[in-house]
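Asks: This is the structure I have questions about; it appears just below.
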Amino acid sequence: MPAQSIWTLLSWGPDGWLDDIAYGVIVTVLLALATLPIGLTIGFFVALGKQSEEPSLRLAANIYTTVFRGLPELVTLFLFFFGMPILLQHLIRYFRPEATIDVNSFFAGMIVLALIFSSYASEVFLSAFRAIPKGQYEGGYSIGLSKWQTMRKVILPQLLRIAFPGLENCWLSLLKDTSLVSVVGLAETLRNAGVAARVTKHSFLFYSLAALVFLGLAVVSSFATSAILRSLGNREAQR
Amino acid sequence: MSATAAMVERPPPRARGWPRRRIIGYALVCLWIAFGLGIVSYLFLAWNAAFFAKYAPAYLQGLGVTLSLVAISMVLGAIMSLPVAYGRMSRNRILSGLAYCYVYFFRGTPLLVQTFLVYYGLGSFRPELSAVGLYMPVVSDWFQLLPHVSIPAGLAIGRFTLWDFFKDAFNCGVFAFALNTAAYQAEILRGAIESVPKGQWEGAASLGLHKLQTLRKIILPQALIVALRPYGNELILMVKASAIVAIITVYDLMGNAKLAFANSFDIQAYIWVALVYLVMVELLRHAVEWIERRITIHLKR
């Protein structure tokens, strides 16, 4: 194979690898975006459990965060990716003995990242809950709002604004953690860069490109979050 | 309005009996208990003396590798974080810009990518790295005189190149981890130092202490109390992140688990390793909390 210039390697098309890496970037972003709503929802309910008056709910929520913050991301991923098919196989054997189960790496990554993201996000939500004075709830009740209405119309808008910077950090680490899913075979940015590196023997070039992609995603999301924060701030000011 | 308003206008009464949240709470706790019992009974039923005898020593050795990797890179990172933190706080535009770029790069990219960049990426520069070397005294091999008599040949001069360093996966792991944690630790240090009020600097200056003395005797003792918790968190993050060196073929705790799973296809390989990590992280977390309680006794009234 003749030595190719790096511009050929980085071109779009059959000779270059840019299209493969761009495809990987899309998978990375989709994985992170698909995880976000699940993680936020679970995190919110775990935080609700943690600040509940009910000791059993607090205990259950605390076990959740202890486990998923204490385990390394990679171990959680491997446990889920390799353990879930075995578990499902045992369950499904009762219905259809011949069926085999395979866990999709995108799906496994989504679940695992959501578990990790939600355990970190729940801490952020919890400290935001504590920052909201009790009078806000009482004010809500006193004008005749039900518990759920108070939560949705009075507490949640303030909660999101307080929790936003912390959630931004969670999002950035979620974005970085997506690279771990490459280990179980998801063709995302790092995986495709690794394939390119092995085929072309230009490891440094392609791994730097992957690093730049993640850096670029971080920059883009910091722009996006500051725009969101500005609009949240504006809404506050208009009131 | 009267009927509904009467119901909702006072804060909810103390729960008695079986309100919904108690049912949910008990159900969730039962679920966790069932989960825990499931894992324990699985480990009990799947107890495999041969598996344990074969892999337990490997796990123990892997634990040693993990701990030494984390310890070395934490210490190296702490040393390297000093100039970075200095640069971040410097008024010199160029210095602070450089330090900012360093921190931004290492905090903005995944540690896995950085590790690959070091382990696989530096392989692209093998000729250059092999060219840079230095001569170091090494204890050379034993010198065989007779079949049963051998004497050490003593010191010899060996050439040790950068490539000799970077071809070893463990060294690459330490290198990448130290660079990464230096960026985080620099931010922790900067935040802690900046959390000390400016009056402390001024007061020390008015007593005639110079800057280094002020830093050592006035600022750092106050800053380190603030920094303890973030440092502890960083240590825990490093212990957790150290699992990824298993991917670059280092046989740490996770690496041995991967090997055991690849050989036996037995999921308990990962369950055991998960338990070890969980215990390790919890011990560290409680140790940090204990130290924090100890050193902030004088701040409580």
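Readers should treat all values here as calculations from the given coordinates under stated rules, not as data from a laboratory. Not measured: the values here are computed from a predicted model. FYI the Cβ positions are ideal-geometry reconstructions off the backbone, even for glycines, and counts take in every protein chain you see.
Asks: Take the conditions buried (at least 21 other Cβ atoms within 10 Å of the Cβ) and over 21 Å from A:ALA47 (Cβ atoms) and apply them to A:VAL195. Does it pass?
Replies: Criteria not met by A:VAL195.
Asks: So A:LEU9 clears everything in (1) under 16 Å from A:LEU217 (Cα atoms); (2) touching a His at 6+ places or on another chain (Cβ under 8 Å) except one condition, right? Which one?
Replies: Going through the list (1) under 16 Å from A:LEU217 (Cα atoms); (2) touching a His at 6+ places or on another chain (Cβ under 8 Å), A:LEU9 breaks only (1).
Asks: Still on this structure, please answer the following. Identify the residue in region B:19-29 that is part of a helix (DSSP H, G or I) and facing chain A (nearest Cβ under 9 Å) and, among all such residues, is surrounded by the most Cβ atoms within 10 Å (Cβ to Cβ).
Replies: Taking region B:19-29 and keeping what is part of a helix (DSSP H, G or I), we get B:20-29.
Next cut, facing chain A (nearest Cβ under 9 Å) only: B:21-22, B:24-29.
Values: B:ARG21: 16, B:ARG22: 18, B:ILE24: 16, B:GLY25: 21, B:TYR26: 16, B:ALA27: 12, B:LEU28: 18, B:VAL29: 17.
Among those residues, the one meeting the criterion is B:GLY25.
Asks: Let me ask something additional. Does A:LEU145 qualify as being in a helix (DSSP H, G or I) and either of a type in the set (Val, Ile, Thr) or surrounded by 14 or more Cβ atoms within 10 Å (Cβ to Cβ) (or both)? Spell out the reasoning first.
Replies: On the way: in a helix (DSSP H, G or I): no; either of a type in the set (Val, Ile, Thr) or surrounded by 14 or more Cβ atoms within 10 Å (Cβ to Cβ) (or both): yes.
So A:LEU145 does not fit the description; no.
Asks: Hey, another quick one. I'd like to check something: does region A:28-43 contain any residue that is within 19 Å of B:TRP32 (Cα to Cα) and either surrounded by fewer than 18 Cβ atoms within 10 Å (Cβ to Cβ) or aliphatic (A, V, I, L, M) (or both)?
Replies: Yes.
Asks: Residues B:VAL250, B:VAL276: which one is outside any helix (DSSP H, G or I), within 24 Å of A:GLY83 (Cβ to Cβ), within 14 Å of chain A (Cβ to nearest Cβ) and of a type outside the set (S, T, N, Q)?
Replies: B:VAL250
Asks: Can you work out which of the residues in region A:168-189 that are under 25 Å from A:ALA121 (Cα atoms) and aliphatic (A, V, I, L, M) is nearest to the chain's Cα centre (by Cα)?
Replies: For region A:168-189, the residue satisfying everything is A:LEU174.
Asks: Which of the residues belonging to region A:187-209 are more than 10 Å from chain B (Cβ to nearest Cβ) and either on the phi > 0 side of the Ramachandran plot or of a type in the set (Lys, Arg) (or both)?
Replies: Passing the criteria: only A:ARG191.
Asks: Just for region A:74-105: of the residues that are more than 7 Å from chain B (Cβ to nearest Cβ) and within 18 Å of the chain's Cα centre (by Cα), which one is surrounded by the most Cβ atoms within 10 Å (Cβ to Cβ)?
Replies: Taking region A:74-105 first, the residues more than 7 Å from chain B (Cβ to nearest Cβ) are A:76-77, A:80-81, A:84-85, A:87-105.
Adding the requirement that they be within 18 Å of the chain's Cα centre (by Cα) leaves A:76-77, A:80-81, A:104-105.
Values: A:THR76: 24, A:LEU77: 26, A:PHE80: 20, A:PHE81: 22, A:ASN104: 12, A:SER105: 20.
Here the residue is A:LEU77.
Asks: Return the total of residues in region B:259-273 being assigned to a helix (DSSP H, G or I) and facing chain A (nearest Cβ under 8 Å).
Replies: 4
Asks: Separate question: For region B:86-121, which residues satisfy the criterion of being among the aliphatic types (A, V, I, L, M), within 7 Å of another protein chain (Cβ to nearest Cβ) and in contact (Cβ under 8 Å) with a residue 40 or more places away in the chain?
Replies: B:LEU112, B:LEU117
Asks: Given A:PHE117, A:PHE45, which one is aromatic (Phe, Trp, Tyr) and within 14 Å of chain B (Cβ to nearest Cβ)?
Replies: Every option except A:PHE45 fails the conditions.
Asks: Quick one: A:LEU160 ticks every box in (1) closer than 28 Å to A:PHE44 by Cα; (2) facing chain B (nearest Cβ under 8 Å); (3) under 20 Å from the mean Cα position of the chain (by Cα); (4) surrounded by 13 or more Cβ atoms within 10 Å (Cβ to Cβ) except a single one, so which number is it?
Replies: Unmet for A:LEU160, out of (1) closer than 28 Å to A:PHE44 by Cα; (2) facing chain B (nearest Cβ under 8 Å); (3) under 20 Å from the mean Cα position of the chain (by Cα); (4) surrounded by 13 or more Cβ atoms within 10 Å (Cβ to Cβ): (2).
Asks: For region A:74-106, name all the residues that are hydrophobic (A, V, I, L, M, F, W, C) and touching a residue at least 12 places away in the same chain (Cβ under 8 Å).
Replies: Going residue by residue through region A:74-106, those that are hydrophobic (A, V, I, L, M, F, W, C) are A:74-75, A:77-82, A:84, A:86-88, A:91-92, A:95, A:99, A:101, A:103, A:106.
If the condition is that a residue be hydrophobic (A, V, I, L, M, F, W, C) and touching a residue at least 12 places away in the same chain (Cβ under 8 Å), then A:LEU74, A:LEU77, A:PHE78, A:PHE80, A:PHE81, A:MET84, A:LEU88, A:ILE101, A:VAL103, A:PHE106 are the ones that fit.
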